[in-house]
Structure formats: C-alpha cells, structure tokens
Amino acid sequence: MQLTLDAPLDMHLHLREGEMLTQVAPHSAAHFSGAVIMPNLRTPVTSLQEVLDYQAAILEACGSEAFRPYMTLFFRQYSRAELLAAREHIIGIKLYPAGITTQSEAGVMDFHGIDQTLALMEELEIPLLIHGESNGFVMDREQEFMATYQRLAESFPSLSIVMEHITTAAALSVLEQYENVAATVTLHHLMLTLDDVIGGLMQPHLFCKPIAKTPRDREALRQAVFSGHPRLMFGSDSAPHPRHAKECCGCAAGIFSAPVALPMLVQLFAAADCLEQLPAFVSTNARRFYRLEPVPRTVRFHDQPWQVPEHYGTVRPFLAGETLEWSLTDHRNS
Ligand code: NCD
Ligand code: ZN
C-alpha cells in the first residue's frame, strides 16, 4: 500500500546550530516541505540579521532538498521599525516564559509588560507562538498558563496566537473558545504519558517540556487530532541533544523525533482508522492558519517495515530500535 502526502509541514522544530544543525537538518528536509524553526539558540535569534544568517545556515545544511525554513524571532520588546523590517522574513515570534525550558533564560518575566509589542504584532499581522507553561508544579504548568492565553486572545482579538505543543484537555478547551488561537501537537504527546517517562526505569530520552501528562490528557489530544480539528497542526518539537547531555545527572529536556515523525504518524492514523484526516493535521490546517503558499512537493510512504536506528550521530532518536510499519519511499519536487 502507498500513501502520498502533499507538502507536509512541521510547525515546531529545533534545528540548533553548528555541527548539530548539519547532523539533524537533512532528516527534516527529507520528510517535510517546510518547518517552523525555533529561535532558542545559545544566543537567541533576536534580530533580522540573525534570522537571515540562521536561515542561510539551515538551507546550506539541507543541501538540495526542497525544504523551506519558516523563521521565527525570539520574543523581546521590538520597535515598529524592527517588526516592519522583519515581517517579510519571519512566520512569527516565539515567546518563552523566562527559564521555562532549554535556552529560554532571555524569555519573558512579566506578561503584563509586553502589551506594546503584542499590539504592534497584531497590527502588522505577525503571529505569536507561545511556550505556554507557568513555573508551578510540573504537571500543572500548562493548565496554569491557560488564563494567560485567555487574556491575550481577548485583549488582542486579531492577533494569531499558537499554543505550542499542547498536552492537556485544558488546552483543548481554550482552543475551542477563540477563533484566533490554534495549537501544535507533537508526535510524542500523542503516544506517551508520564508513566512512560518515570513509571518504570527512568527514560531520559523521553524527558521533554512540557512533560508528558495523564492518560486522560493523551486520550483527549488523540480524539481531537484524529477527528480532524481544523486548528490543530502537527509540530514535532523535535529537539536534539547529544547523548552525553541526556544520559547524565541533570538530563536536558527534548526528544529528537525528526526521522520518525511522519512514518509514525501514518502508523498512528492508520491504526485509528482515520488516515483521511492526516493531510489536514500535517499540512492544510497550518497552511490555512498561517496563510502559507505550499512548497510544491509530495512525500510518499509505503507499508514496508523498517527499524529505527539506535543513534543518528551523537543523538538517540525517539523510538530507537523499534520497528515502524511505514517507510519513506521517495520524494519529488514537482
Ligand atoms: C526544547 C529544546 O530542547 O530546545 N526542549 C523540549 O523539551 N521541548 C525546548 C522546548 O520547546 O521546550
Ligand atoms: Zn520546542
């Protein structure tokens, strides 16, 4: 059996820089026609020049693949002139609460002090992408952030807001309330609960932010995604860390899923008997919300099993060593 996907998109991706970028970018470029690139580099991407330099490095790392990096700026207070200059070159601005996850120390400390930049973004039609977690108890962080999403969605009704990597039923209810709000969902949050991370032997390679939640939350996410919710978009949150940073005391948060994301999604949607909903989740919902012109590219899969390698260079991938039912056939630029 064969399956063809038209312009699949990864709406939340960490590609890093330097050697890691060279190592991981080709995996995304092989499967996706484009991806939203996160700006949390060691020095966050906070200027147009940094956006352009990073984009050039990504294109070089991808080689000849028809892959479009949709760039983001790291949120800070920006002037109108800065936003005007940047807006043709970015898909949005990514906001991190300060210190909430990997390389987010320069994030926002006071959510009431940022309205001026948000008003400019609303006026200039620049989407706001948010890592929505409080600094409360780890299992409650996303839920506690919902009041902030609600305040922003109501105060800036024309601002496009993306709740990144949602993990809870609470986030799905907020999604229902606001037309200007969309959300990304990862592969791993459709598959894991906290039990997989710490219920048996602790699994550092499954440790990520936001942490995987309860079976009830996972079920709610699956229902919403599998039933084709029009404002849910796939975003892998593939976030590579070298093994030495994962297999140690003080394990870094992040799961590297780029090489397995699409074949495993095909498998999940097939098992749930809803393959017809997959194109909306991995492409058309994002194209509609962000008003994107798709890169003309199709990606084909066939139902031939393959075993996920234990390592790609210095990184251990999600589902390492497991056998997946669908393989990438080839891709063509049309
Ligand atoms: C991401 C990373 O490593 O950059 N980590 C993660 O656990 N998801 C940052 C993020 O998106 O939170
Ligand atoms: Zn992320």
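Note on the range 256-295 and the range 63-98: Cα centroid distance 23 Å, given to the nearest whole angstrom. Residues 208, 274, 62, 249, ranked from the fewest to the most other C-beta atoms within 10 Å, line up as 249, 274, 62, 208. Residues 198, 211, 91 in ascending order of nearby Cβ atoms (within 10 Å, fewest first): 198, 211, 91. Summary of packing: across the peptides 309-319, 33-43, the per-residue average of other C-beta atoms within 10 Å ranks them, highest first, as 33-43, 309-319. Database remark: amide H of residue 236 closer than 5 angstrom to the amide H of 11, 12 (H placed geometrically; neighbours at sequence offset of 5 or more, or on other chains; Pro and chain starts carry no H).
Legend: P(r) of the range 1-142 from all alpha carbon pair distances, 5 Å bins from 0, whole percents, reading 2, 9, 19, 20, 19, 14, 10, 5, 2, 1, 0. Toward the positive end of the charge dipole of the chain, with +1 on the Cβ of Lys and Arg and -1 on the Cβ of Asp and Glu, the farthest Cα among 320, 225, 180 is that of 320. Given contacts defined as C-alpha pairs under 8 Å and at least six residues apart, what's the relative contact order of the range 175-235, whole-number percent? Relative contact order of the range 175-235: 50 percent. Restriction of the GluC sites (Glu not before Pro) in the range 81-180 to DSSP coil positions whose beta-carbon has at most 15 other beta-carbons within 10 angstrom yields 105, 125, 179.
For the chain, what is the percent of antiparallel DSSP beta bridges, rounded to the nearest 5? Looking only at bridges with both residues in the chain, the antiparallel portion is about 35 percent.
Working note: Karplus 6.51/-1.76/1.60 with θ = phi - 60° gives the range 230-239 the couplings x, 10, 10, 10, 6, x, 5, 6, 4, 9 Hz, where Gly and Pro are set to x.
Reported to the nearest whole Å, the Cα centre-to-centre distance from the range 193-219 to the range 37-57 is 31. The listed peptides 94-103, 295-304, ordered by packing as a protection proxy, come out as 94-103, 295-304 (highest mean of other Cβ atoms within 10 Å first). Going by neighbour counts of Cβ atoms within 10 Å, the residues 162, 181 line up, fewest first, as 181, 162. Rg then Dmax, both in Å and based on the Cα atoms of the chain: 18.5, 54. Taken about its Cα centre, the chain carries a charge dipole of roughly 180 debye when the Cβ of each Lys and Arg holds +1 and the Cβ of each Asp and Glu holds -1.
Assuming charge only on the beta carbon of Lys and Arg (+1) and of Asp and Glu (-1), the dipole of the range 121-160 about its Cα centre is about 80 debye to the nearest 20.
Entry note, the chain: relative contact order of 19 percent, from Cα contacts under 8 Å with a spacing of 6+ residues. Projected onto its three principal axes, the C-alpha set of the range 196-334 covers 45, 34, 28 Å, listed from the longest axis down.
Remark: the range 219-227, residue by residue, has Karplus-estimated 3J(HN,Hα) of 5, 4, 4, 4, 4, 5, 5, 5, 8 Hz, where x stands for each Gly or Pro and the curve is 6.51 cos²θ - 1.76 cosθ + 1.60 at θ = phi - 60°.
Here is the list for the range 135-234: chymotrypsin sites (Phe, Trp or Tyr not before Pro) lying in DSSP coil, each with at most 13 other C-beta atoms within 10 angstrom of its C-beta, are 137. With the helix formula -39500 (n - 2.57) applied to DSSP H stretches of n ≥ 4, the chain reaches a computed 222 nm mean residue ellipticity of -9000 deg cm²/dmol.
Read-outs throughout are calculated quantities, based only on the coordinates presented, and are distinct from any laboratory measurement. None of the values given here were measured: they were computed from a predicted structure. Note that we place each Cβ from the backbone using ideal geometry, even for glycine, and neighbour counts take in every protein chain shown.
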